[in-house]
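Colleague: This is the structure I have questions about; it appears just below.
Any read-out appearing in this document is the output of simple, stated calculations on the displayed coordinates, not a laboratory observation. Nothing here was measured: the structure is a model prediction, and the numbers come from that model. As a convention, Cβ positions derive from the backbone with ideal geometry for all residues, glycine included, and neighbour counts pool all protein chains shown.
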Amino acid sequence: MLSFCNEVKERILLKDEVLLKDQCSAEYIYFLTEGRLKVEKEVIVEATNYWPKKDASWCERKVKNKVIYKVFEILPNTVIGQK
């Protein structure tokens, strides 16, 4: 079954404004007419580092950081949305 909407609305995004979040369904279908949209993924990076101590032993330090990873860019004349 197809459903149609008789209404088209323009939405202008501010710089760094979020349009859609990961794992959330889009309520609308968007058509990018100008500018670019970044698709980013937040990931947790974990590492274990070892540092020398004065007594010739090693000190273990665990590091955990959130990193924003740019996946790709969406260019003009692209349809965006998911359900």
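Colleague: For Glu17 and Glu60 in one chain, what is 0.36 nm times their gap in residues minus the Cα-Cα distance, to one decimal in nm? Before the final figure, lay out the partial values.
Modeller: Details: separation 43, 0.36 × 43 = 15.48 nm, distance 3.91 nm.
Gain on extension, Glu17 to Glu60, equals 11.6 nm.
Colleague: GNM, the chain, Cα, under 10 Å: largest mean-square fluctuation among Lys66, Lys54, Lys41?
Modeller: Of Lys66, Lys54, Lys41, the most mobile in the Gaussian network model is Lys54.
Colleague: Continuing with the same structure: If you build the convex hull over the alpha carbons only and average its shadow over all orientations, what do you get for the stretch 9-55? Give it in nm² to one decimal.
Modeller: 6.2 nm²
Colleague: Efficiency by 1/(1 + (r/R0)^6): what FRET value for Glu10 and Glu40, r their Cβ-Cβ distance, R0 = 30 Å, to the nearest 0.05? Provide the component values of the computation, followed by the final result.
Modeller: Details: r = 24 Å, r/R0 = 0.80.
The computed FRET efficiency comes out at 0.80.
Colleague: Which net charge results for the neighbourhood of Thr33, defined as the other residues with beta-carbon distances under 11 angstrom from its beta-carbon, given Lys and Arg at +1 and Asp and Glu at -1?
Modeller: Overall, the nearby charge balance is -1.
Colleague: Next question, about the same structure. Over 18 Å, how big is the tail of the calculated P(r) for the stretch 30-80, in percent of all Cα pairs?
Modeller: Percentage above 18 Å: 58.
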